[in-house]
Structures are given as C-alpha cells and as structure tokens.
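**Q** Encoded as structure tokens, here's the structure I'll be asking about.
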Amino acid sequence: MLRQIEGSRGVAEAVALCRPEVVCAYPISPQTHIVEALSAMVKSGELTPCEFVNVESEFGAMSVAIGASAAGARTYTATASQGLLYMAEALYNASGLGLPIVMTVANRAIGAPINIWNDHSDSMSQRDSGWIQLHAETNQEALDLHIQAFRIAEELSVPVIVCMDGFVLTHAVERLDVPAPDRVDAFLPCYEPRQALDPTEPVSIGAMVGPDAFTEVRYLAHAQHLRALELIPEVAAEFDAVFGRDSGGLVRPYRLDDAATVVVALGSVLGAVKDTVDGLRADGMRIGALGITTFRPFPSEAVRDALAGADRVVVLERSLAVGAGGVVSADVRAALAVPPPRLYTVIAGLGGRPVTEASLRELFTDAAADTLQPLTFLDLDTGLVDRELHRMRQHRRSGPTAENLLRDLDRTAAVTPSSG
C-alpha cells in the first residue's frame, strides 16, 4: 500500500510486520520516532504478542535484547551515535553468542564536540564487532532492508544492523510502499531459533573459552559472514520476486558501462552522486557510481568486479579514520586487483554538512583530470583551519579548538554565557 509517511514510521511498520516478540530501546535522536511508534503499536494491541521494554540506557537495551534473543524471542532494538558506543561491549556479546537480533542505527555523528546531525562515524566504529551491516540509500530501501534483515539474521543466527541516515531519511516524509502483512508472513517464516535457553535442558552460554578453542570460535563467526555474502543476494532476489522491488543485495552499480571514473559511496548521499553523474554524463564524461549496500561482510569480489573497468575510483566517505583517512577506502583498496586503479579518498558531509551537487561536480571533474590529492576534505574551510593552527603554534594554552572555531565564525552566543 502506497502511503505518505515519515521514514521512521515506515521502518517501525516494517519491523511490526516482522512480528517481533520483544522490542527494547532507550531514546536517542534521531532513532526515537521508530521506537516511539513501535511502543504505541504494542500499547494499542496492534502489535501483539510483543513486550516493549523501557530500559535505563543503551547498554541496558542491548542487554535486554541479548537475554530475549537467547531465550528464543524474535528481538529488535534501535540506537544512534553515542548510544551505539555505550552498548559496544554488549554488541560483541550479541555477535559472539550468535544471536539474530535486528537493530536500526540512525546514523549520527559522534562527539565531542556535540553534534546531532548525520554522518557514518557511529556505525563505522563498530564495523568489526561481528554484526552484519546493511546501508539504505532511500527510505523505501530502509523499509525493505528491515524485512530482509530478520530473514538473514535468523537463517545465519547472526545479528544485523540496518543503517539509515539520521534526519536525512529518518525524518523525511515521502511516499512509501508498505507491504501487506500476509506477503511479509509468506516471505519471513515463523522464527525457529538455532539455539534457545530452555529450563528443562539447562546449558551455559558465553562460558570461558581458552586459547585451545578461541581462534576456532572466531573463525566460525567469520565463516558465517562469508556465508552471508551468498545468502544476502539470494534473499534480495526472493524479495524482488515477492514484492516486485529490486532492493538490498551486496552492491548497486549505476551507469558503470564504459565508466573511466567510478564514485563509491554508502547511504543517502548516493542520490546526489547519481544526479551529478547524470549531469556529467550529459556533458560527455565517462563516469558512474557504485553504491555499497552490504558493508559487513565486505563484498570484495562484487566490488572488484564492478570496478574492473575503472581507470580511477573516488571513495566518498561519511566518516574519518583520524590519523589514517578513509574507512571504506581501505576495504575498497584491498578488494581491487593489483595493480589497482588510481584511488582517491574524499571525506565529505561530516557532522551533517551538506554534500551539494555543485561541490560534487567540481570534485568529480578534478578526479577525472587526476588533480585530486589522495586524501581530500570536501568543502574544507582552509582559512578557518589555518587560523586555529596558527593559534596553536603561537600559544601553549590556545584553548578548546571547537569553541575557538565558533568564535572565528562569530558564533559567540554558542560559547559564551548569556548576559541577560
């Protein structure tokens, strides 16, 4: 059914259609509207049988999810930013125990300084925690990926994160196709856990494992992720057959035929990238784009095949590995054939800074001319940076950087007490 609704509401309804038995969450923007909607469905009886658990923290939310999933319940939660970091210890427990929890991460920057806007710093920080990571380009894809995520998680007994860009998607109101319950029921079988705690057959889980078996435990977790590289395209193909939408999968090529320059990106920025590619194609540039939907496990073979004809690759990153550069770039570089094409890393949109078509057009034109630096910060205010670097060289106690920058921008109200 086509409806004009907020992205968060669409995701909440998709999760409800998957019939979770336990939903637990602690509110943190920009994911709050999702769990608010689910709590209202549970309270009204629209989503039943389901227990909605209010917890005291994000660590508590994941701890409840672990307990519920270990007991054999289909389990869901959501978080963002600092909240994801707060549950980091429990994230490793969930994946290490092989529990098929599904979680939404409404991507948001990590402080300090405080920033509530979108980038991918939060989910990228947990890329090696053992959770599958799926990244949505649109709200329709976010809705669809949640339905697929339960299927993938439960088939492999591995937890799955569905990432959607905070505010850009979560708070955008647009037309979404919300499927009928019977179609979701046909696609997603009743939950049959591969493991469940049973008082009649008591066992311990998460017990101490020494050097004699720990490597094998970790290897088997890795093997499940390798299986996911085969399962995810199969689930996406079946989803297309049932719902009539090509959604999910490993990667999404766009105008790659004869493309000499290929832009790699994740999430909602792909919309602006594709529009820019269209404009440059109209001007005669051989350029295309590659969206990565499945970031973990990383689809090295699919990426390598998609980029096989490229002379240069531009990886547009929504996070920064401080002191190193790009997070996604490292995986792309490792996936490429030897010798690889020229690869440029571009850090863009940190803390919600707009990534405009005008900036992308100039960036991609420079890339095609091979005039980019290996690491570029899109729309960096070099004057602002240079003033702070000069201040730091001149004064041992130069003060907090973020507040200094705000003063340079004449936003003193944000950093000085009110005199009123």
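**Q** Using Cα pairs closer than 8 Å and at least 6 residues apart in sequence, work out the relative contact order for the chain, in percent. Please list the in-between numbers first.
**A** Numbers: 793 pairs, mean separation 59.8, N = 420.
Relative contact order for the chain comes out at 14 percent.
**Q** Could you pull out which residues in the stretch 139-174 have an amide N less than 20 Å from a spot 7 Å beyond the Cα of residue 226, following the Cα-Cβ vector?
**A** 153, 155-159
**Q** Another question, then. Using the Cα centre of the stretch 6-57 as the reference point, and only Cβ charges (+1 on K/R, -1 on D/E), how large is the resulting charge dipole? Debye, rounded to the nearest 20. Numbers along the way, then the final one.
**A** Numbers: 3 positive and 7 negative charges, 14 e Å.
Computed about the Cα centre, the dipole is about 60 debye.
**Q** If you don't mind, another one. Would you mind counting up the charge near residue 115? Only other residues with Cβ under 12 Å from its Cβ, with Lys and Arg at +1 and Asp and Glu at -1. Intermediate values should be presented prior to the final figure.
**A** Values: positive: 108, 353; negative: 119, 122.
Neighbourhood net charge equals 0.
**Q** Next question. Dipole size in debye (nearest 20) for the stretch 242-337 around its Cα centre, Lys and Arg Cβ +1, Asp and Glu Cβ -1? Don't skip to the end; give the middle numbers.
**A** On the way: 11 positive and 11 negative charges, 39 e Å.
The calculation lands at about 180 debye.
**Q** Place a +1 charge on the Cβ of each Lys and Arg in the chain and a -1 charge on the Cβ of each Asp and Glu, then give the dipole magnitude about the Cα centre in debye, rounded to the nearest 20. Please report the intermediate quantities before stating the final value.
**A** Details: 34 positive and 53 negative charges, 217 e Å.
Dipole of the chain, to the nearest 20 debye: 1040 debye.
**Q** Another question, then. Calculated from DSSP H runs of 4 or more alone, at -39500 (n - 2.57) each and per residue, what is the 222 nm mean residue ellipticity of the chain, nearest 500? Could you put the intermediate results ahead of the total?
**A** Working: 15 runs with 175 residues, N = 420.
Taken over the chain, the calculation gives -13000 deg cm²/dmol.
**Q** So, one more: Compute the Cα gyration tensor for the stretch 331-377, then decide on rounded, prolate or oblate, letting a ≥ b ≥ c be the square roots of its eigenvalues: rounded whenever a/c is under 1.5, prolate when a/b is larger than b/c in the other cases, and oblate in all that remain. Don't jump to the answer; show the numbers that get you there.
**A** Numbers: a/c = 2.78, a/b = 1.55, b/c = 1.79.
Since a/c reaches 1.5 but b/c is at least a/b, the shape of the stretch 331-377 is classed as oblate.
**Q** Taking the chain as a Gaussian network, Cα atoms linked when under 10 Å apart, which of 218, 361, 312 shows the biggest mean-square fluctuation?
**A** Residue with maximal mean-square fluctuation among 218, 361, 312: 218.
**Q** Place +1 on the Cβ of every Lys and Arg and -1 on the Cβ of every Asp and Glu in the chain, take the dipole about the Cα centre, and give the residue among 139, 249, 273 whose Cα lies farthest towards its positive end.
**A** Working it through, the farthest residue towards the positive pole turns out to be 273.
**Q** Quantify, in whole percent, the carbon and sulfur part of the accessible surface of the chain (1.4 Å probe; protein heavy atoms only).
**A** Working: 10230 of 19200 Å².
Solvent-exposed carbon and sulfur of the chain make up 53 percent of the total.
**Q** Does the stretch 297-414 classify as rounded, prolate or oblate by the C-alpha gyration tensor (a ≥ b ≥ c root eigenvalues; a/c under 1.5 gives rounded; else a/b over b/c gives prolate, otherwise oblate)?
**A** It is prolate, given that a/c is not under 1.5 and a/b is the larger ratio.
**Q** May I ask what percent, to the nearest 5, of DSSP beta bridges between residues of the stretch 205-318 are antiparallel? Each step should come with its number before you reach the end.
**A** On the way: 4 of 13 bridges.
If we restrict to bridges inside the stretch 205-318, about 30 percent are antiparallel.
**Q** Further question: Relative contact order of the stretch 1-149, please, whole-number percent, based on alpha carbon pairs below 8 angstrom and at least 6 residues apart. Don't skip to the answer; put the middle values down first.
**A** Numbers: 238 pairs, mean separation 36.6, N = 149.
Averaging sequence separation for qualifying contacts and normalising by length gives 25 percent for the stretch 1-149.
**Q** Going by a ≥ b ≥ c, the root eigenvalues of the Cα gyration tensor, does the stretch 31-184 fall in the rounded group (a/c under 1.5), the prolate group (a/b larger than b/c) or the oblate group?
**A** In terms of gyration-tensor shape, rounded.
**Q** Identify which of the listed values of Cα extents along the principal axes in Å was calculated from the structure shown: (1) 62, 49, 45; (2) 98, 98, 36; (3) 69, 61, 55.
**A** It is the value labelled (3).
**Q** At 7 Å along Cα-to-Cβ for each site, give me the label-to-label distance between residue 380 and residue 92 in nm.
**A** It works out to 3.2 nm between the two label points.
**Q** Taking amide hydrogens as modeled 1.01 Å from N in the peptide plane, which residues meet the under 5 Å criterion relative to residue 377, leaving out close sequence neighbours?
**A** The list, which skips near neighbours in sequence, is 347.
**Q** Further question: Pick from 347, 287, 114: which residue has the top mean-square fluctuation in a GNM of the chain where Cα pairs under 10 Å get a spring?
**A** 114
**Q** Whole number in Å², please: accessible area per residue of the chain, 1.4 Å probe, ligands, DNA and RNA not counted. Each step should come with its number before you reach the end.
**A** Values: 19200 Å² over 420 residues.
Value for the chain: 46 Å² per residue.
**Q** Provide the FRET efficiency to the nearest 0.05 for the residue 281-residue 234 pair, computing r from the beta carbons and using R0 = 25 Å.
**A** Values: r = 32 Å, r/R0 = 1.29.
With R0 = 25 Å, the Cβ-Cβ based efficiency is 0.20.
**Q** Simple spin-label model, 7 Å along Cα-to-Cβ: residue 388 to residue 308 in nm?
**A** In this crude label model, residue 388 to residue 308 measures out at 4.5 nm.
The values are calculated or read from the model by the stated rules, or taken from the named source; none is laboratory data. Everything quoted here is computed from the prediction, not taken from an experiment. Positions of Cβ are backbone-derived with ideal geometry, glycine not excepted, and every protein chain shown enters the neighbour counts. Surface accessibility is based on the protein's heavy atoms, side chains included, excluding ligands, DNA and RNA. Shrake-Rupley method; radii C 1.70, N 1.55, O 1.52, S 1.80 Å.
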